[in-house]
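K.L.:
Could you have a look at this structure, given as structure tokens, before my questions?
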Amino acid sequence: MRKHVNIFVLFVALITCFSVVSCDDFLKTMPESSYSAAGSYQSQADFDYAIAGVYAAQQNLYQSNSCWFRLMISRSDDTRNGATYTYGVDQFSDSDNVENLTSGWQNLWTMINRCNLILDKIDAVDFKDNNRKSYVKGEAYALRAWAYYTLAWQFGGMPLIDHELTVAETKSVARASQDETFAFAEADFKNAIDLLPESWVGTDLGRVTKFAAAGGLARLYMFQSKFSAAKPYLKDIIDSGLYGMEEDYLNCFTDSHDNGKERIWEVQFTGNLSGEGQSFSTGMLPEGYKDAVLIPFSGYSTAMQVSLPMVDAYEEGDLRKDVSIVTNLTIDGVVESKYHYILKYCHYDAYTPQTQSDWANNIPILRYTDVKMMYAECLNEEGYVADGEAFNILNEVRGRAGLTPLSASIVSNQDAFRKAIMQERRVEFAFEGLRWNDLVRWGIAQEVINQHFLAEDEGGGRYSMEGDFRKIFAIPYAELSRYNDENVMWQNPGY
């Protein structure tokens, strides 16, 4: 069923019109708009607009062909290096002047700033519905937590700011450690879980829920290898009965299943030439290719290509392969059989995009299958159990993909099961921006990336991840120059 353009999406659309934030300071007060501090935050409706402004900033991270999310996909061995709009991120030659990382940083801090304003002001305002008041507070905590967690694992420790500050006050708050930043996000996620509803209905579909926040917290714990801390939150999601794996892997990505049972947290988009579509999907396929079966218009010249090791990672008969990648495309009249392209985000069966930027497909942040896979990983890290519950989960995922089950006779110990999880996550979540995060948290990023670069197709050793310091990115030069104080905002070592 086609999702409707609901009031929540319209709020995001309206806020997006005002969401071009000055880059003079990452935590500058909100621009003048319908939800500015001077003229709003006085009614329940004002806070609905204000929280939509936070979602709008998050949406910016996923919306375009040159967005932050694209960089997260390219920072792995999923794709071939050398694509445009990656600024060396895919070749590990990036510096402190990567345009899309800088804009990603700014959007994440815009989310934090807008959440701080909401949390500063909401308690002083009477709501017609006190439950709604709690929910909006919960959303602000969850979205601020997600922004801080994302900044921390990608850039290291951040200034910890939980209320509205002037520009001068902001510049006096020094960076905390990465662990301190994770702890800040952890507390926010827990506050959100206590305040949010288990689900939304009707015109509120797509807003963050208690279980989305629980999944975000579990992912934070997984990054820190705190498996015993992550496990109960993952179990709560599984036991909620609100989610399930799609029977067909394809429907994890089709627009007709947006906000469906597989989707715990996703970025919302709407077509119908509303201005709230996305062009990210267009950028997956190359310029000169046009086929009404896949996309009804040409792709972009900047399309990323799938790495050959990624192509080879799929077992024979894996149904996920043809959902996720495509080859033998006819480009400008010539069949191109050498390269593979990402197909995963180009499946639509409810709404046909009318322009390159009119895709209605939501983009997943957290799928139910990911929750199940993380839970299986936790079980194994607690202790290997031959043919136990972790095996059942892994084989459920493999079964949907058309693959034979694994047994203890094949995966005979904890380390072997750990490797099986790593393999299954690679093919299940290919191009979903999770691979780089996984490589870092497993402690194998440098080993895997440097092996990847040895391939002739990847430069034959021309590139390398030359140090562990590249597990995090450089602090954007624009931010360093605005502070101009290395005691408050300093560059990460190695850059």
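Please treat every number below as a calculation from the coordinates, not as lab data. This structure is a prediction, so every number in the text was calculated from the model and none was measured. Heads up, the Cβs are rebuilt from the backbone with ideal geometry, glycines too, and the neighbour counts pull from every protein chain shown.
K.L.:
How long, wide and thick is the stretch 284-330, going by the Cα atoms along their three principal axes, in whole angstroms, largest first?
P.N.:
Principal extents (Cα only, largest first): 32, 21, 14 Å.
K.L.:
Which order do peptides 277-283, 82-88 fall in by mean Cβ count within 10 Å, highest first?
P.N.:
Ranking, from highest mean packing down: 277-283, 82-88.
K.L.:
Counting GluC sites (Glu not before Pro) as exposed when in a DSSP loop with at most 16 other beta carbons within 10 Å, what is the longest stretch of the chain free of them?
P.N.:
Here the longest segment lacking exposed loop sites spans 33-197.
K.L.:
Give the aspartates and glutamates whose C-alpha is closer than 15 Å to that of residue 338, dropping any in the same chain fewer than 8 places away, or say none.
P.N.:
Within the straight-line limit of under 15 Å, residue 338 reaches these aspartates and glutamates: 312, 456, 457, 458.
K.L.:
Could you work out how much longer the chain between residue 334 and residue 297 gets when fully extended? Use 0.36 nm per residue separation minus the Cα distance between them, nm to one decimal.
P.N.:
11.6 nm
K.L.:
Give me the number: length gained by fully extending residue 124 to residue 486, i.e. 0.36 nm times residue separation minus the C-alpha to C-alpha distance, one decimal in nm.
P.N.:
Length gained, residue 124 through residue 486: 126.6 nm.
K.L.:
Less than 18 Å apart at the alpha-carbon level, and either on another chain or at least 8 residues along: which lysines does that give for residue 235?
P.N.:
190, 210, 226, 261, 372
K.L.:
Label points 7 Å out from Cα along the Cβ direction at residue 451 and residue 45: separation in nm?
P.N.:
5.9 nm
K.L.:
Return the equivalent ellipsoid semi-axes of the stretch 153-285 as a descending list in whole Å, where each equals the square root of 5 times an eigenvalue of the C-alpha gyration tensor.
P.N.:
Taking √(5λ) for each eigenvalue gives 30, 22, 16 Å, largest first.
K.L.:
Within a Cβ distance under 13 Å of residue 371, other residues only, what is the Lys/Arg minus Asp/Glu net charge?
P.N.:
+1
K.L.:
Can you list the lysines whose alpha carbon is less than 20 Å from that of residue 171, not counting same-chain residues fewer than 8 positions off?
P.N.:
Hits, sequence-local ones excluded: 28.
K.L.:
Can you give the local net charge around residue 299? Use residues other than it whose beta-carbon is closer than 11 angstrom to its beta-carbon, Lys and Arg +1, Asp and Glu -1.
P.N.:
Once all neighbours under 11 Å are counted, the net charge is -1.
K.L.:
Loop-only check: which trypsin sites (Lys or Arg not before Pro) in the stretch 58-146 are DSSP coil with at most 11 other Cβ within 10 angstrom?
P.N.:
The qualifying sites are 128.
K.L.:
In whole Å and largest first, what semi-axes does the C-alpha gyration tensor of the chain yield when each eigenvalue is scaled by 5 and square-rooted? It would help to have the intermediate numbers written out before the result.
P.N.:
Details: eigenvalues 219, 131, 130 Å².
Whole-Å semi-axes of the equivalent ellipsoid: 33, 26, 25.
K.L.:
Further question on the same structure: Which net charge results for the neighbourhood of residue 121, defined as the other residues with beta-carbon distances under 10 angstrom from its beta-carbon, given Lys and Arg at +1 and Asp and Glu at -1?
P.N.:
Values: positive: none; negative: 46, 120, 123, 164.
In short, -4.
K.L.:
While we're here: Roughly what would the spin-label model give for residue 224 and residue 180, points 7 Å off Cα along C-beta, in nm?
P.N.:
According to this spin-label approximation, the distance is 1.5 nm.
K.L.:
Under the rule a/c < 1.5 gives rounded, and otherwise a/b versus b/c splits prolate from oblate, where does the stretch 291-423 land using the Cα gyration tensor?
P.N.:
Prolate is the answer for the stretch 291-423, as a/c is 1.5 or above and a/b outweighs b/c.
K.L.:
Over what distance in Å are the Cα centres of the stretch 152-173 and the stretch 218-278 separated?
P.N.:
29 Å
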